[in-house]
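> Sharing a structure with you now.
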Amino acid sequence: EAWQVMRDRLLPEDRDALSKAMGRAIEGTAQTTSFRLRHADSTDRLVEAHLFPSSDPNATDVVLLDLTQQSETEAALFQSESLYNTFLEQSPVGLIHLDMTGTVTFENHQFRSIIGEEADDAWIGLSAFNVPGLNGLFAGAVRRLLAGDPVRELEVRYAPQRRPPRQLVLNGSPICQEDGTVVGAVVRGPKEEPLV
């Protein structure tokens, strides 16, 4: 009777997969499957079923878990992360993120458009202390950032291999946990200034 109620509420496109999983469980192989049930109020619930062989050769033992809230939370998190990444990527301000070792872990489109769009121009994965073409002022600024001090209007000379040298104006802020521990930094800019 419980199976009939569940089967009546099971969305049609999920019936076959559940039936096959139940058949394999009856044959002796534990199964896990997910499906959607139409609730009495016409909302759908996401359910995960763990099916185990039973002592009755024509039945299976079932543990059902309602994953609806978890699924909704994951979907909201994915949407939030997508929006955040889109915001960062389409920002009119160039941005890079440094981890606590000074390694560049993110650069947005605006930053790439200033330093260069070729794969060899990318700073991702490089130590900010050793970016080719940057003078030593940048390494000193990164040390300050990772020590917890912001950097304002830092002018550095950038001379990449295949492009003319130029002056970049950078600003940076440390990224801190609630207890004040520095876990990385963000560098904004670079604004280009003509070389004189």
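> For residue 69 and residue 93, FRET efficiency with R0 = 35 Å and r from the beta-carbon atoms, rounded to 0.05? Don't skip to the answer; put the middle values down first.
Working: r = 37 Å, r/R0 = 1.05.
Here the calculated transfer efficiency is 0.45.
> Using the beta-carbon distance between residue 147 and residue 186 and R0 = 22 Å, what value does 1/(1 + (r/R0)^6) give for FRET efficiency, to the nearest 0.05? Could the numbers behind the result be given before it?
Details: r = 15 Å, r/R0 = 0.68.
Working from the Cβ atoms, E equals 0.90.
> Another question, then. Subtracting the Cα-Cα distance from 0.36 nm times the residue separation, let me have the gained length for residue 118 to residue 48 in nm, one decimal. Please report the intermediate quantities before stating the final value.
Details: separation 70, 0.36 × 70 = 25.20 nm, distance 4.58 nm.
Extra length available between residue 118 and residue 48 comes to 20.6 nm.
> Points 7 angstrom from Cα along the Cβ direction at residue 58 and residue 11: gap in nanometres?
3.2 nm
> Could you pull out which residues in the stretch 139-183 have an amide N less than 17 Å from a spot 7 Å beyond the Cα of residue 100, following the Cα-Cβ vector?
Flagged as within label range: 143-149, 174-183.
No value in this document is a laboratory result; all are computed from the given coordinates. None of the values given here were measured: they were computed from a predicted structure. All Cβ positions, even for glycine, are placed from backbone atoms using ideal geometry, and neighbour counts span all protein chains on display.
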